[in-house]
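The values are calculated or read from the model by the stated rules, or taken from the named source; none is laboratory data. Every value quoted in this text rests on a predicted model; they were computed, and no experiment measured them. A quick note on method: Cβ atoms are made from the backbone with ideal geometry, for glycine too, and the neighbour counts reach across all protein chains shown.
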Ligand code: 13P
């Protein structure tokens, strides 16, 4: 399983240092060999020397460096050896106004760097209510190289993010099947995943992992979720 933590706009450099230490120590006891832990901290908090998890970037500008005020480019990620990036998160699409065109540019740039890309898709509440999830997600995948070898796809329905209302297993399975027909990439689910519902989510056929927000912001709660996920696979 891939267990990924999206810390969003939470954690300072100081608090992430404590988080990373606690997570590293917690994972040192041994995680299941087939598990991989990814953590996306704020870019201001990347830290050196982590051993048992991989740090990724929540965002970047599709350039190595240049005149892009306020942005972070490839050179800045390289300094922390960050080669894993999140693209297409619904908060960046909806709140930060990232267009499909910018998302495609980011994807092409990241693929040209050979970075691992965790590409997020997911329908909004209206599309879900009208049973148009597949059409909504298909539009988000237009122009994206679904055969890119270092791709991970994350299905995150917008209405399930940060609401405590995870999608039902049937909906997750249906959308993962839809994605599987299009791509050989590992498939994650995200949206109100926590230590209580992880067992059900892990059991969904075709689910290769989870992308966790709220329940990952505290290292001990993320560790609890990780161990709950490995317990349910024993
Ligand atoms: P929550 O786990 O808080 O619903 O957030 C999910 C998410 O947006 C992960 O990218």
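Numbers at a glance
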quantity	calculated
Residue count for the range 176-198, restricted to those that are closer than 16 Å to residue 134 by Cα, away from the ligand (no atom under 15 Å from the Cβ) and in contact with a strand residue (DSSP E or B) (Cβ under 9 Å, 6 or more places away or on another chain)	6
Residue within the range 68-83 that is within 16 Å of the ligand (Cβ to nearest atom) and either crowded, with 18+ Cβ neighbours inside 10 Å or modelled with pLDDT of 95 or more (or both) present	no
Residue identified as within 18 Å of the chain's Cα centre (by Cα) and closer than 26 Å to residue 159 by Cα among 54, 84	84
Whichever residue in the range 115-132 is surrounded by fewer than 24 Cβ atoms within 10 Å (Cβ to Cβ) and in a loop (DSSP other than H, G, I, E, B) and, among such residues, is nearest to the chain's Cα centre (by Cα)	115
Unmet criterion (only one of (1) within 16 Å of the ligand (Cβ to nearest atom); (2) in a loop (DSSP other than H, G, I, E, B); (3) surrounded by fewer than 20 Cβ atoms within 10 Å (Cβ to Cβ)) for residue 221	(2)
Residue count for the range 151-163, restricted to those that are surrounded by fewer than 18 Cβ atoms within 10 Å (Cβ to Cβ) and either out of contact with any helix residue (DSSP H, G or I) (no Cβ under 8 Å at 6 or more places or on another chain) or under 18 Å from residue 206 (Cβ atoms) (or both)	1
Cβ-Cβ under 7 Å pairs, at least 6 apart or on other chains, the range 118-140 side without any contact (Cβ under 8 Å) to a residue 24 or more places away in the chain, far side within 16 Å of the ligand (Cβ to nearest atom) and in a helix (DSSP H, G or I)	none
Total residues in the range 133-175, condition touching a strand residue (DSSP E or B) at 6+ places or on another chain (Cβ under 7 Å), within 16 Å of the ligand (Cβ to nearest atom) and not in a loop (DSSP other than H, G, I, E, B)	8
